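Right, one structure below, let's go through it.
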């Protein structure tokens, strides 16, 4: 009964998540890839980096999203500048404590340190000290200054930068903290631009408020993601894809597999399939970046072979289950003619399992053949009994 309640709760949470994401897509045009990344970031507890010029709805998307999420302590929203110190992120020093005790202590209430969600605009303009504090919070979810050490409830942050070639080297140094990355360009689709203009002149259809998404829903789905079993074949194929992409850190490899689990969970499964690896495109293929798309396509050359292997394993497993059913059927059988019909089907199943079996299913083939032998022996026993 408890399991059914938990599953129903997860299904309702998925429905609310999908409703919120769909409403965002209707309001922020041409950003479906980015919104899909945000969806996975929320349920895997990761962060998203948006690169693009001003005026492409980065801030609008972040504010619409986080204001639709309820049941959390604080949402932190800041636009960074080149002269901004870390105090703007982690709070000003407590001067009273400094005068009385001679130690530095930051007042972190209602800062990034104590926030569940955050939008950090133009974060690459931060000073080196502030950037280090930000990266510590994004990665470790802790704030440490001398004796002061606080755990942060930070769940998901969206960060934006007005990306240009001159800060490429600096960006690469911090990019590993963001599992998801998207290059946001001005709208190019005629249909999207028409809808944008209609909205601007008041000729679009009226839309209701964005459906509310509770943080409790996000936490529920995150817990469900952790329960999804990753098969050996999926793990092996995933690592092969990572090797072909190359230049991935251990942190990225360890985090990205959660997206595979999340895709299975969103489809109502608690065991991964090779097809769930398709979800990795939102991690390894940067929307708006043709080079990453090409690299991802080449890396997925291992995908088709793994999909074929999975189909063979699935077929062998189905045959094995049928053999198990035949074993149960012949146990209650007392008529040798009926037993021989069961034995005939068992022989066909044995031939099929031999033809399809691979090294992945050797144990199923062995057990299946043993079961088939026991079926044939029972059929012969019944035949000899009735003959006598």
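The values are calculated or read from the model by the stated rules, or taken from the named source; none is laboratory data. These numbers come from a predicted model, not from an experiment. Cβ atoms come from the backbone with ideal geometry, glycine included; neighbour counts cover every protein chain shown.
Quick rundown of the values:
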read-out	value
Count - residues of region 287-304 that are in contact (Cβ under 8 Å) with a residue 60 or more places away in the chain and either assigned to a helix (DSSP H, G or I) or farther than 22 Å from residue 184 by Cβ (or both)	2
Odd one out for residue 31, checked against (1) under 23 Å from residue 267 (Cα atoms); (2) crowded, with 18+ Cβ neighbours inside 10 Å; (3) at pLDDT below 95; (4) out of contact with any strand residue (DSSP E or B) (no Cβ under 9 Å at 6 or more places or on another chain)	(4)
Looking only at region 1-15, and only at residues there that are at pLDDT 90 or above and surrounded by 18 or more Cβ atoms within 10 Å (Cβ to Cβ), the one that is nearest to residue 287 (Cα to Cα)	14
Some residue of region 61-76 being at pLDDT below 90, buried (at least 18 other Cβ atoms within 10 Å of the Cβ) and either in the same structural domain as residue 153 (by TED's automatic domain parsing) or in a loop (DSSP other than H, G, I, E, B) (or both)	no
Boolean, residue 169 is over 30 Å from residue 107 (Cα atoms), out of contact with any helix residue (DSSP H, G or I) (no Cβ under 9 Å at 6 or more places or on another chain) and at pLDDT 80 or above	no
Subset tally (residues that are within 23 Å of residue 264 (Cβ to Cβ) and out of contact with any helix residue (DSSP H, G or I) (no Cβ under 6 Å at 6 or more places or on another chain)) for region 282-308	7
Candidate set from region 107-131 (those that are farther than 27 Å from residue 67 by Cα and touching a residue at least 24 places away in the same chain (Cβ under 8 Å)); member that is surrounded by the fewest Cβ atoms within 10 Å (Cβ to Cβ)	129
Those residues of region 126-145 which are within 26 Å of residue 54 (Cα to Cα) and in contact with a strand residue (DSSP E or B) (Cβ under 8 Å, 6 or more places away or on another chain), in sequence order	133, 134, 137, 138
